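Read-outs throughout are calculated quantities, based only on the coordinates presented, and are distinct from any laboratory measurement. Just so it is clear, the model here is predicted, and its values are computed rather than measured. Here the Cβ is made from the backbone with ideal geometry for all residues, glycine too, and neighbour counts use every protein chain on show.
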Amino acid sequence: MASMEKRLQKELQALLRDPPLGVTVDSDKTSRSLSEWTVDLEGAPGTLYQGEKFQLAFKFGPRYPFESPQVIFTGSNIPVHPHVYSNGHICLSILTDDWSPALSVQSVCLSIVSMLSSCKEKKRPPDNSIYVKTCSKNPKNTKWWYHDDTV
Amino acid sequence: MASRVTSDSPNSDASGSASQDHEKEDSKNFECNICLDTARDAVVSMCGHLFCWPCLHQWLETRPTRQVCPVCKAGISKDKVIPLYGRGSTDQQDPREKLPPRPPGQRAEPENTGPFPGFGFGDGGFQMSFGIGAFPFTFFASTFNFGNDGRPAPPQAGSPQHADEQFLSQVFLFMAVFFIIWLMLA
Ligand SMILES: [Zn+2]
Ligand SMILES: [Zn+2]
């Protein structure tokens, strides 16, 4: 537990000191509890999401960074994307099977920005309506079948 | 929207002198890729990535069936990481007393260049004696293999045993020659 907090503290400091383009930690919400973060994302210029603002909610368990955080889109604007369900759940392999403790909040955010940036057509996943009705609240409980990585 | 809290070490932003930045970069090279702290009980993987042993151990335990390097996804295992001993690390507690134990360093023996170092011509007799086959095989096998591992060193030249062996080898050589001649005549 202590190591999880220590690492999150380090990550938070680094992100506040030196935030990557289009990624801002909402420190008002985050400083209340280190185990839940809110991060603001901006759609990258020159992509379908240019100028749009999104919010990510991170939840960290006591075994972080050995276990992945729970990451979902939250707030009023959920990006319309083939790997993002309308309830905010994200189908991205690094959030479950391909998680590694060398990844971080920053690298997750950058992966999500790049996932958005490479999108060619704004649409929901084909199984969106069924999934949203039947899924668990925690996307980590979903047995994802990962779509191709190119989209 | 989002506001920024000040980080909890107030000097970190204010006093960013060049030398401090440089020092920071330097120490970053020795940060564990998991806890992001300076690596303690450091180990390095074959792919060159640095970790605290406790951190890496916990990761290997997390996914025992798929052990990969957290940084580059190369295969990794307990036996294939190398502990790093910096100067002064001996002052600390014996790492073996810590849990989980850090894997030991491996000392490879220097390789011998010749197969039978220190033996001269006399060996020829031994080798031929195998071909004949009518001799106490085990005795010679054990004399033969001394170069490989922890077996006793060959007898010192001049010792009675050495003389015996030389005598025997000459006997074998003689018998081998005799045997070959006999084969040719027969
Ligand atoms: Zn570590
Ligand atoms: Zn590696």
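Here are some notes:
- Residues A:Val84, B:Val44, B:Val177, sorted so that the one with the fewest Cβ neighbours within 10 Å comes first: B:Val177, B:Val44, A:Val84
- Label separation (B:Asp79 vs A:Ala2): 3.5 nm, computed from points 7 Å beyond Cα along the C-beta direction.
- Averaged over the residues of peptide B:35-43, the number of Cβ atoms from other protein chains lying within 10 Å of each residue's Cβ is 2.
- When the listed pairs A:Lys59/A:Lys120; A:Lys29/A:Lys53; A:Lys6/A:Lys59; A:Lys59/A:Lys143; A:Lys29/A:Lys133; A:Lys140/B:Lys80 are checked against a 25 Å cut-off, the alpha-carbon distance exceeds it for A:Lys59/A:Lys120; A:Lys29/A:Lys133; A:Lys140/B:Lys80.
- Listed peptides A:88-96, A:133-141 by packing density, highest first (mean Cβ within 10 Å): A:88-96, A:133-141
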